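Colleague: Questions regarding the structure given below will be posed in turn.
The values are calculated or read from the model by the stated rules, or taken from the named source; none is laboratory data. No experiment lies behind these values; they were computed from the predicted model shown. We place every Cβ from the backbone using ideal geometry, glycine too, and count neighbours over all the protein chains shown.
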Amino acid sequence: MQLSSLIFLALFAILSIFPAQNLAFRQQSVGIRGRLMCGDKPLSGAKVKLWNKNRLGRDDQLADSKTDAMGNFNLDGGIGSIFGMNVRFKIYHDCDRGVLPCQRKVNLGIPSVYVTRTSTVTKWFDAGVLNMQFKFPDEATSCIN
């Protein structure tokens with residue numbers, strides 16, 4: 001047998017012995033909450049999404065929602081993966097859009113310390129109050145979201 005085959009068989013045997021620990025190791029979750037404003041008014045109806053940006057392959061959408069009448073949002077989601085998540089918080093909104101078509105899109109990273117190896121969120125990221133009148137670096141326009 002080749003060395004790579006032996007390594008694969010050894011890893012398979014080890015992982016088969018401890019299946020419960022493997023599932024717990026791979027499951028990850030993340031949560032974010034906060035409030036969006038447009039100047040001094042709540043930004044209601046803005047679309048908010050959580051995405052896991054993968055190193056290889058397609059990215060995973062973890063959750064999506066819309067802000068309530070007061071601009072509040074609360075999102076959580078998770079996946080099973082050996083690799084750590086690179087979570088992005090995306091906001092699609094019309095604050096100070098003017099006559100431009102489509103929506104403004106802001107893509108913000110969530111610190112990795114808020115990603116836990118659990119099936120439910122144990123450490124929430126509090127985004128606080130964000131005023132979407134700001135022009136964010138790398139902000140884009142999105143017609144499909």
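Colleague: Do the conditions hold for R88, that is, is it crowded, with 18+ Cβ neighbours inside 10 Å and either more than 14 Å from the chain's Cα centre (by Cα) or not polar (S, T, N, Q) (or both)? Quick ask: steps written out before the conclusion?
Modeller: Numbers: crowded, with 18+ Cβ neighbours inside 10 Å: no; either more than 14 Å from the chain's Cα centre (by Cα) or not polar (S, T, N, Q) (or both): yes.
No.
Colleague: At pLDDT below 95 and either closer than 18 Å to R26 by Cβ or surrounded by 16 or more Cβ atoms within 10 Å (Cβ to Cβ) (or both) - does that describe any residue in the range 104-111? Step through it out loud before you land on a result.
Modeller: Keep residues of the range 104-111 that are at pLDDT below 95, which gives none.
Taking every residue of the range 104-111 in turn, none turns out to be at pLDDT below 95 and either closer than 18 Å to R26 by Cβ or surrounded by 16 or more Cβ atoms within 10 Å (Cβ to Cβ) (or both).
Colleague: Let me ask something additional. Hey, could you check the range 120-143 for residues that are out of contact with any helix residue (DSSP H, G or I) (no Cβ under 8 Å at 6 or more places or on another chain) and farther than 19 Å from L36 by Cα and say which is surrounded by the most Cβ atoms within 10 Å (Cβ to Cβ)? Spell out how you get there, then give the answer.
Modeller: Of the residues in the range 120-143, the ones out of contact with any helix residue (DSSP H, G or I) (no Cβ under 8 Å at 6 or more places or on another chain) are 120-122, 126-143.
Right, trim to farther than 19 Å from L36 by Cα and you get 120-122, 143.
Values: T120: 10, V121: 19, T122: 11, C143: 9.
Among residues in the range 120-143 that are out of contact with any helix residue (DSSP H, G or I) (no Cβ under 8 Å at 6 or more places or on another chain) and farther than 19 Å from L36 by Cα, the one surrounded by the most Cβ atoms within 10 Å (Cβ to Cβ) is V121.
Colleague: While we're here: Quick check on my filter: what residues within the range 113-129 are assigned to a strand (DSSP E or B) and within 30 Å of G80 (Cα to Cα)?
Modeller: Narrowing the range 113-129 to residues assigned to a strand (DSSP E or B): 116, 125-129.
Result: T116, F125, D126, A127, G128.
Colleague: Can I ask one more? So which pairs qualify, if the first residue must be in the range 111-130 and without any contact (Cβ under 8 Å) to a residue 12 or more places away in the chain, the second must be part of a loop (DSSP other than H, G, I, E, B) and among the small types (G, A, S), the Cβ gap must be under 6 Å, and the two must be at least 6 apart or on different chains?
Modeller: none
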